[in-house]
Structure formats: C-alpha cells, structure tokens
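The values are calculated or read from the model by the stated rules, or taken from the named source; none is laboratory data. Here the structure is a predicted model, which means the values were calculated and not measured. Here the Cβ is made from the backbone with ideal geometry for all residues, glycine too, and neighbour counts use every protein chain on show.
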Amino acid sequence: MNWKRNLLPVITFAKIAIRRTFRDRLALFFVFLFPLIFLFIFGGIFGKNSAASFSVAVINQSHSTFSKQFVGQLGSNKIFKIDDASNTMAKANEKMNRGQLDAAIVLPPGFGDIQGKYPSGRAQVYYSQNNATAGQSLASVLDGVFKGINATLTQTPAPFSVTATQTNDKGLTAFDYTFSGLLGFSIIGLGIFGPVNVFPELKKQGILRRLHTTPLRVWQYFLANMVSQSAVGLCSIAIMFAVAIAVFHLKVSGNIFELIVYIVLGIITIFGIGLAIGGWAANERQAAPLSNIVTFPMIFLSGTFFPRFLMPEWLQKVSAFLPLTPVIDGIRLIATEGKNLTDLGPQLGLMGAWIVIIYFTAFRVFRWE
Amino acid sequence: MAEKLLVVKDLKKRYDDFEAVKGISFEVERGEIFGILGPNGAGKTTTLEMIETIKSIDGGSIMLDGLDVTKETQKVKYIIGVQPQSPAFMDKVKLTEQLEQLASAYGERVNAKKLLKEVGLEDKGGDYVESLSGGQKQRFSIVASLVHNPKVFFMDEPTTGLDPQARRNLWDLISDIKKKGVTVVMTTHYMEEAELLCDRVAIMDNGEIIALDTPKNLVKQLLDKGFKPTRKVEQANLEDVFIDLTGKDLRD
C-alpha cells in the first residue's frame, strides 16, 4: 500500500513530536500556562459585569433621614460603584484628577429636610474637565432618579415615560470578545513563535540536514508538524475554554464539533506562517525580526486584545483581511454566538485563501539547512 | 546492476568566487572502505555532500549503483546511509523513538531494541541522546544511519573528538559494517585510521585529488622516491602505551 507507506513518516513524526512537547517543561509553560496567565489577566479586567457603571464618591453633608436612605439606594443601584474611601471632597478631587473616579455626588447640608410638604434639596455633581461626558451623563441619570422620587412623592402621573427592557440574554459581553481574541493570541504563540524558534535550532544542530539525506518529503514533514501542532494546540485551547467557562462564566452556545474543526483550520493557517518563516530562515537572526514584523500587526489589529469594532472604520476594513482576523471572528461566532460553519462563508473563504498563499510560500522557501 | 558502486566524473562545485571542487573523478568498488583524506578546506565534505544528494552539483556527474544522483535523487536516498559530522539528534526523544522515526522516513518499521543491541546500547533504549557519552552517541549515530540497510554508508570524520578507546571501538564497528557487504566512504584527518581501515584512499587538496591508491602503495611510492623519515620509527608509540595502560575497554 503506497499511501500507507507515505503516511507512516507523517504519523510517526507527529506522534513523537507530541510526546516530546509533553516532556519539555519550557514548551509546556509556553503552550499551556502562558495563555492561561493572559486569560486570568484579561478575564480579570473584562470579566466583570459589563453594564455601564460610574465610579463615584458620595459625600453626604446632610443629617436628614432622607439623605441617608438616598445614599443607601445609590449603593444598591448597579449603575453606581461607590468608593467608600472618598468621604471628603479633597479625597474625591484627588482621585478624580487621577481618573480613578468619574464624579463626586455631594449632598449639601440640609439635603432632604422637610420643606413644606415634602423633603427637598439639590444634589451637586462634580466632575473634572477630562471626564465631562461621564459627569454629564451621571447628572442626567441622577435627574432621572429624582424625577422618579418626585413622582412617587407628588403622586401625579407623568404624561411621558420610558421603559427599558432587555432584548435577549445572549448579548456579547466584553469577555466574550476578549476570550476569542486570547485564543487568537495563543494560536499565534503556538503557531508562529514556536516554529520560528524551533526550526533555526534544528538547522543549527544539523537535524534537518540528516533528514534531508533520507527520502522524507517536505510535504510529509510539513503535514507531520501540522498534525502535532494542531493536537497540542487543541489541548491548550480546550484548557482555556474549561477555565473560561468555570471561572469567567463564558457561555458556549455553538456546536463543539464545528468549533474543533474551525479551530484546527485556524491553527493550520497561522502555523503555516511560522513554518514559512522558520523553514526559510537559516538562523535565529533572520527568523526573529521577520516574525515580529508579521506578528505584531496581527496581534494589535486582528482583535486579540481589544475588539476590532473600536477601531476607525478604514482600519477595520484593512484589518479584516489579516490572516488572524477570520480565525478570531469565526471562533467567536461559533463559540459564543452559536453560528454554524455554513454561516461562516466569508471567514472560511478568507482563511482558505490564506492557507493556499501561506503554504505555497512555505513550500517554496523551505530550506533543510 | 552497475559494476562499480560509485562513479564520479569531472565533479565541480563553486561557492561564489571560490571553486571548492575542481573537476574530480574517482570510482568506488562494491564492498570496499574508501577514504577521502585531506587538510581542512580541501573539499572533502563538499564532495561527500554532493554524493549524498544534499548539495547541488555544478558540473560533472555522479552515478551511484547505476542511478544518476541529480536525476534520480529520491531513489538514491533509499540506498545511502549518511552519518553527519555532529550527531544531530533532537533532545527529549528516546533512542528507540529516534530509530523508529528515522526508519519511518524510509517507509519502514524497525526492531529498535535489536538494532541497539548490535552497538551495545541495549540498556539505553529508553534514554535520550543527550545523556549518552561521546562514544555512545557516535555508535548510536551509526546505527541510526543504517536503519534502512543502505548499500553505501558515508561517514564524515567519524572519530574526531573521541578518546582512544572509543576510536578503537568505532574502528571495529566500521569493519563489521564492511563485513555485512556495505560499502563505506569516509573522510578522516587521522592517517593511522585510514591506513588501518581503508582499502583505498584519495588524498584531496585545494579541490583536487592529488593521489589515489591503496595506503600500502602510496607509502611504497613515497619510499621509492627516496623518502627518509625525519625521526626513527619506534616499534610502538605513545598511543600504544596509553592503550596498554588503560585497557581496550570502552569507558562509557
């Protein structure tokens, strides 16, 4: 059987490469622990409830019952995050100037004292110049709160009103975006930085040269590497999913099988870049700068650490065509938005085009020594 | 089947302005040990690499067992075994795995334990190459280069950097390989090694072969020219003393 004989080296090389990864502590750190560290850092930043909230200081200078109740009400409102430490204007000012607080709400002496029939008063909102938007929206939020209180006190029905209702519970949180970006980042680490370091070393030691004297074909060697990298990468990504679900309450709604297929395609795409650079470079000095030039734009523009929709429109249009962009978008679309592979025509098409370009280049530039 | 195993004709190699191999021709018989000697930079390794199919040929031809090395490269690779100058093995891969991996490159499966036993490494199958001594590495490298039973075996300076015991052990191994009918082509810096092992030697300098004959004939030709050694040849030398004192047993 000729095809069996052709695949024997692919399977044998892949098997041994996988075993070797699990024996190498440094490799284990970079493949498994390193992405998890990023997951915890970014999960800590973006994993919180993403409802718009204001960090405020509440300075209550009044002694009325109403003012005490009012402060308690603010504290239980999710929109406000009250910094208890800033209980004087001086402390609040200091934090506002550093951008740690959005505004300070001051309830002046006598706020909430009964005047005539109802308790009344005028709360003041202070904000620094560079936080004008937050300060003004906070003022209007408070205005709304007071209108509500006024309405309950005076019992007059308001002719116009607004009710806000949640549309669905599947809206994307900041963490959902961050997570698929982090997967993209770990695929870059595994697929580009891995081979870019390994191949020049294999050349330096003459290991590829030895293989070159055997009948081993370049495609067999490439395929073996693709298989082992995909297997190791899938393990690493599975662990990231497990941690994200357990610790950061990631909601995975897509089909797992389709997700695996898509992730493997993503790994193959990105690994091709590492293979092309590492396979071409004669030594580390050639490999390192080229891999940085190729990798850094993708890290910053493909949505690894912050979503692409935050970029100016022209930049979004350009960065849509980077090889990593369809990888990250597709993973997010399947995993958190529950899309199917059949919905991902544009992403699959773009990835397919990149696979052809990247592997064509990799085969052309590969050198055994 | 071609009569001669290896026929090299007018072989040339240039690196930019430097002519590394200047049109050399030689033939290697089946079953012999053929040595290529010469100072550093003489073109020995380049010549070997062109025959091993890993360097392109700029001029001339190489026929190996009736196969043209430039045209039938893939077929040639199945019948050659190559031992590189440095051991060149990946770390954190067991010896048995290394052998399985190399054999798979030829589309073959091997009994790794049996192969290791042939070079006295049967206890080391589960170890990594990095834990072997220099001599053990060299012996392992040989068995790894022979996993596919090649017709011809190329060795580039196999004993450089080994201690006298390990060198003697390697000489025995090379003789055993010859006994199995494998043709050996090797380069070396050690004249006593060439004299002891090689059936014929080619001496290279500046990219040319300046002499080619059996070691005995080459010595005879020199003596016929009226050569007198500068110092009296003793019946034994310091290495003999060393071996006598420390024994022939391998130290690894």
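Taking region A:116-149 as the range and being outside any loop (DSSP other than H, G, I, E, B) and over 30 Å from A:Asn93 (Cβ atoms) as the test, only A:Tyr118 passes.
Residue-by-condition table, conditions (1) outside the structural domain of A:Ile237 (by TED's automatic domain parsing); (2) charged (D, E, K, R); (3) surrounded by fewer than 16 Cβ atoms within 10 Å (Cβ to Cβ):
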residue: A:Thr65; (1), (2), (3): yes, no, yes
residue: A:Arg98; (1), (2), (3): yes, yes, yes
residue: A:Asp102; (1), (2), (3): yes, yes, no
residue: A:Gln136; (1), (2), (3): yes, no, yes
residue: A:Gly144; (1), (2), (3): yes, no, yes
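Could you tell me whether any residue of region A:96-111 is at positive phi and more than 14 Å from every other protein chain (Cβ to nearest Cβ)? The answer is yes; a qualifying residue exists.
In region A:199-212 there is no residue matching the filter, namely being within 26 Å of the chain's Cα centre (by Cα), modelled with pLDDT under 95, part of a helix (DSSP H, G or I) and more than 10 Å from chain B (Cβ to nearest Cβ).
For region B:33-46, filtering for residues that are modelled with pLDDT under 95, buried (at least 17 other Cβ atoms within 10 Å of the Cβ) and not hydrophobic (A, V, I, L, M, F, W, C) leaves 5. Which of the residues spanning region B:74-108 are free of Cβ contacts under 8 Å to residues at least 12 places away in the same chain, under 16 Å from A:Arg217 (Cα atoms) and either more than 8 Å from every other protein chain (Cβ to nearest Cβ) or among the hydroxyl-bearing types (Ser, Thr, Tyr) (or both)? Matches in region B:74-108: B:Lys75, B:Ser104. What do you reckon, is B:Glu3 in contact with a strand residue (DSSP E or B) (Cβ under 9 Å, 6 or more places away or on another chain) and acidic (Asp, Glu)? For B:Glu3, the condition - in contact with a strand residue (DSSP E or B) (Cβ under 9 Å, 6 or more places away or on another chain) and acidic (Asp, Glu) - is not met. Looking across region B:12-30, the residues that are among the acidic types (Asp, Glu) and part of a strand (DSSP E or B) come down to B:Glu19, B:Glu27.
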